[in-house]
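For reference, the structure discussed in these notes is given below.
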Amino acid sequence: MRLQPDSDQRELQALVRSYLDDRWPTSALADTVMGRCDATHVPWSALASELGLVGVGIPDAYEGLGCGVVELSIIMEELGRSLYIGPYLSTAGLAVTALVGSHDHAAMGTYLPRIARGELLATVAGLHEVAEDRLEDLPHASRTSSGWEIDGTTSLVLDADAAELIIVCASTRDGVRMFLVEAGTQGVGIVLSEGIDPTRAIGTVTWTGAAATELEYDVARLGVTRLRMVTALLQGAEDVGAAERCLELAVAYAKDRVQFGRQIGSFQAIKHRCADMLLRVEAAKATVAYAARAVASEAPDALDAALNANAAASDAIFHCATSAGQVFGGIGYTWEHPLHLYLRRAVTSRFLFGTATAHREEVLTRRIEAAVGR
Amino acid sequence: VNVIEESALIPSAAHIDTVQDAPGSKGEREFREKVRAVLADPLPADWLGVGRLPAEAQGPFRERWRSHLHAHGLLAVQWPVAYGGAGMSPLEQVIVAEECVTLGVPQGGLNDNFGIQMLGSTLLKYGTTAQKETLLPAILSGEHKWCQGFSEPDAGSDLANVRTSASVDGDEWLINGQKIWTSYAHLATHIFVLCRTSKAAERKQQGLSILLVEIDQPGIEIRPLKTMTGEAEFNEVFLTDARCPVDAVLGEVGQGWTAAMTLLGFERGEAAATLPIRFRSDFDRLLQLANERGRLEDGAYRTRLAASYSRVEEMRCLGELALSRWLDGEDIGAESSLHKLLWSEWVQEATELALDILGAEAITPVGEGLQGVSFPASEAGSMNTSGAWLDYFMRARAATIYAGSNEIQRNIVAERILELPRDRR
């Protein structure tokens with residue numbers, strides 16, 4: 001399988017990178033993220049209107065660019081590099097994947113063009129419970145005379161406050177299905193959490209007899225699995241970008257900072273630490289690149305590849321954010337320095353949508369079946 | 001005993017046709033099937049891999065297997081046809097390597113890594129016409145078996161510190177010094193010797209040359225060097241007024257450092273594809289061991305097994321990425337250091353895990369050690385016994401030292417990829 005990006009994909013990557021370097025630079029992260037600017041500074045509508053990026057995963061017929069998860073994962077890596085805080089993963093990643101994977105032409109026709117134009121923000125609720133394989137904790141959906149109603153709670157919902165459309169995974173008598181609920185519907189309560197990570201807007205959504213429409217799938221179970229693997233992949237791509245940027249900042253500092261009359265990057269203690277960070281970044285990048293293509297081509301090992309990529313990437317960002325701190329020394333421990341934002345993102349990623357340990361355990365279970373037959 | 005029959009090794013008249021199409025194409029699949037058929041032809045139906053052959057059958061099998069590969073043009077697949085190669089593309093080389101690994105057969109004899117991969121590739125680039133015409137066919141036929149005379153007692157990681165020296169004496173070089181860690185010197189007929197041919201050098205990388213030396217002469221003594229595993233694949237080589245013709249130089253006199261770096265730098269693109277296959281089969285054997293010892297239900301072991309498998313997958317993905325770049329003609333370069341760090345540390349962790357799975361059984365291992373080469377992964381078909389795992393554990397201790405210690409690899413990664421400043425060394 002060819003894992004390196006083709007020329008169009010490299011162009012896409014360069015485009016997103018230069019755009020974000022200009023509009024969302026790391027140097028300004030501390031100001032922008034820590035609330036010294038208002039939300040209008042976050043580039044969002046321009047991502048949609050100027051670059052068309054919000055519609056990358058949306059088919060041409062619905063005004064999107066008609067690309068796939070490989071392109072999405074390339075964009076996510078770039079967004080992760082700059083710790084972009086806009087609702088891209090939730091809207092262009094998760095919600096679009098849920099809609100596009102369905103057979104619900106009415107829903108796609110209603111929502112996808114608006115998402116592509118940057119006019120509608122959307123998210124998926126219940127993904128954390130799905131990723132942790134706690135289906136019993138999902139809200140319950142029951143039929144009413146006019147459709148469905150949802151009762152229960154979904155935790156750690158990405159961009160819950162901003163989303164105008166929430167696609168909720170809920171259990172029914174026939175297993176998990178997905179439902180469409182517009183924000184403002186009666187019985188939908190959203191509480192934004194005061195989290196450790198200011199680059200992630202995360203909330204809890206409580207459902208009290210909220211009216212919902214089913215997002216129609218031929219086989220809803222497969223849709224949920226697909227959503228789960230795309231979530232793991234895209235979060236992994238985002239983590240890998242953040243890890244790589246963290247390493248770059250540390251390496252730049254090691255070349256700049258002089259102690260004992262020499263650049264500290266000339267000391268092997270620093271070099272080997274940086275080499276270890278690169279090792280984790282490159283290994284994680286390769287697993288993400290492989291997983292993106294496995295998911296795109298619906299390879300038999302796509303779910304395992306995505307879970308493995310997510311685990312590798314989650315470890316990489318955590319490793320880099322902690323190890324870079326040792327390279328920066330005191331300056332990296334200050335509030336003004338962006339390092340703690342990468343560290344905070346690393347903590348979120350470590351637990352949001354399942355842990356590396358749980359993902360690896362699941363992958364191992366299938367390998368044992370294959371190798372030992374039990 | 002699984003030893004192939006002599007009669008099965010009659011050379012075929014025609015070599016396999018080459019692939020002209022893109023990867024994944026029909027042409028590639030057909031080529032792969034032909035290679036597989038040629039490789040499988042002399043093997044018995046119950047063949048499990050060279051690792052299953054008993055110790056005494058290893059040598060004879062390898063000799064005959066090498067002849068089989070040679071007879072079908074599969075020994076130096078990328079060499080030009082004029083020098084006895086098959087003139088194949090990198091992709092075809094990868095396919096041959098993958099099929100060998102999948103079937104559990106070697107890709108050549110024990111000395112071929114030095115003769116074909118290192119010296120042969122460098123000769124094709126820098127050798128004189130006379131050298132190419134005489135040396136290359138002799139390497140392929142097996143008449144010349146080469147070993148590598150680089151490391152010395154005072155020149156390990158600091159290779160440029162070699163002290164072995166040579167001076168011209170009439171129409172010959174006269175060589176004096178000592179080499180160490182010389183793999184398979186006891187099986188070799190020739191040695192390429194990195195030595196100092198000029199003392200008037202500003203830097204120690206200058207004034208070095210690589211001389212091509214016959215081993216069967218009074219000035220060369222080879223002593224086996226027994227390692228902690230009890231095996232003796234390494235040797236010490238003593239050169240006392242050893243001689244070689246004055247034109248037996250690889251590249252130019254005084255340019256030995258460049259030649260040495262070229263020789264060590266020949267990228268084995270196919271290794272990126274084959275190593276992960278071998279590690280995955282190691283891992284599956286580890287799972288079977290854990291299953292037999294009732295450890296698969298134990299969370300502590302599962303977590304370590306899961307982490308170990310995750311690394312195997314990382315190596316596979318990194319290997320696929322490197323391979324696709326290599327096939328596109330890109331330089332893998334310093335990134336191969338990242339691969340080396342990953343696999344060498346994986347093999348140590350995996351064998352330590354095997355030890356813990358065995359528990360107290362590790363104190364009194366049963367069964368023979370690993371058969372075959374097992375650098376760095378064990379051979380296909382290896383026995384899943386405590387004896388084999390203990391041997392693997394011991395052998396794995398060398399993985400972070402040979403082929404450039406992991407400390408040196410981390411320096412390379414930091415300086416060449418991350419471009420951190422060089423330290424005084």
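Bear in mind that the values in this text are calculations on the coordinates, not laboratory data. Values in this document were obtained by computation on a predicted structure and should not be read as measured data. Every residue, glycine among them, receives a Cβ derived from its backbone with ideal geometry; neighbour counts consider all protein chains shown.
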Distance (nanometres) between label positions extended 7 Å along Cα→Cβ at B:Glu368 and B:Ala232: 1.9 nm
³J(HN,Hα) computed for each position of region B:84-94 - Karplus, 6.51 cos²θ - 1.76 cosθ + 1.60, integer Hz, glycine/proline x: x, x, 9, x, 8, 7, x, 4, 5, 4, 5
Region A:171-302 - percent relative contact order, Cα under 8 Å, separation 6 or more: 19 percent
With Cα atoms, 0 to 90° folded angle of helix B:386-396 axis to chain B main axis: 40 degrees
Residues A:His105, B:His144, A:His128, A:His359, sorted so that the one with the fewest Cβ neighbours within 10 Å comes first: A:His105, B:His144, A:His128, A:His359
Theoretical FRET efficiency, 1/(1+(r/R0)^6), r = Cβ-Cβ of A:Arg23 and B:Glu297, R0 51 Å, to 0.05: 0.45
Amide N proximity, region B:263-295 versus B:Ser25 label position 7 Å along Cα-to-Cβ, cut-off under 14 Å: none
Rounded D (µm²/s) - region A:140-208, Kirkwood Rh over Cα pairs, Stokes-Einstein at 10 °C, 1.306 mPa s: 125 µm²/s
Among B:Ser281, B:Leu323, B:Gly254 the positive-end extreme of the charge dipole of region B:246-384 (Cβ point charges): B:Ser281
Sites B:Val246 and B:Ala40 - FRET efficiency at Förster radius 35 Å, r taken between beta-carbons, to 0.05: 0.15
Residue with peak Gaussian network fluctuation, chain A [Cα springs, cutoff 10 Å], from A:Ala296, A:Ala316, A:Ala242: A:Ala296
Exposed GluC sites (Glu not before Pro) absent: longest stretch of chain B, with sites in DSSP loops and at most 14 other Cβ within 10 Å deemed exposed: B:6-142
Label-point gap, in nm, between A:Ala14 and A:Ser297 - each point 7 angstrom along Cα→Cβ: 2.6 nm
Integer Hz, Karplus 6.51/-1.76/1.60 couplings in order for region A:125-131, x for Gly and Pro: 9, x, 5, 5, 5, 5, 5
Dipole moment magnitude, nearest 20 debye, the protein assembly as shown about Cα centre, only Lys, Arg, Asp, Glu C-beta charged: 1420 debye
Neighbour net charge for A:Cys169 - beta-carbon separation under 9 angstrom, K R +1, D E -1: 0
Counted charge near B:Ala307, where neighbours are those whose Cβ lies closer than 9 Å (Asp, Glu -1; Lys, Arg +1): +2
Helix B:335-358 vs. chain B, principal-axis angle (Cα, 0 to 90°, nearest 10): 40 degrees
Per-residue [θ]222 nm for chain B (sum of -39500 (n - 2.57) over DSSP H runs n ≥ 4, rounded to 500): -13000 deg cm²/dmol
DSSP-assigned coil residues among trypsin sites (Lys or Arg not before Pro) in region A:65-165, each with at most 15 further Cβ atoms within 10 Å: A:Arg134
Chain A: most fluctuating residue of A:Thr206, A:Thr231, A:Thr123 per GNM, C-alpha cutoff 10 Å: A:Thr206
Region A:147-241: relative contact order as a whole-number percent, Cα under 8 Å and 6+ apart: 35 percent
Label-point separation in nm, B:Ala71 to B:Asn384, each point 7 Å along Cα→Cβ: 3.5 nm
Among B:Arg163, B:Arg302, B:Arg203, residue whose mean-square fluctuation peaks in a GNM of chain B (springs only between Cα atoms under 10 Å): B:Arg203
Cα-centre dipole for region A:48-128 with unit charges at Cβ (Lys and Arg positive, Asp and Glu negative), debye to 20: 160 debye
R0 of 45 Å, Cβ-Cβ distance A:Thr172-A:Glu336: FRET efficiency to nearest 0.05: 0.35
Where only alpha carbons of the protein assembly as shown are counted, the Rg and the Dmax (Å): 29.8, 106
Calculated from backbone phi, Karplus (6.51, -1.76, 1.60) coupling profile of region B:310-321 in Hz, x at Gly/Pro: 4, 5, 4, 5, 4, 5, 5, 5, 5, x, 5, 5
Charge tally in the Cβ shell below 9 Å around A:Trp207, where Lys, Arg are +1 and Asp, Glu are -1, A:Trp207 excluded: -2
Extension gain (nm, one decimal) between B:Gln217 and B:Glu33, 0.36 nm per residue minus Cα-Cα: 61.6 nm
Relative contact order %, chain B, counting alpha carbon pairs below 8 Å whose residues are six or more apart: 14 percent
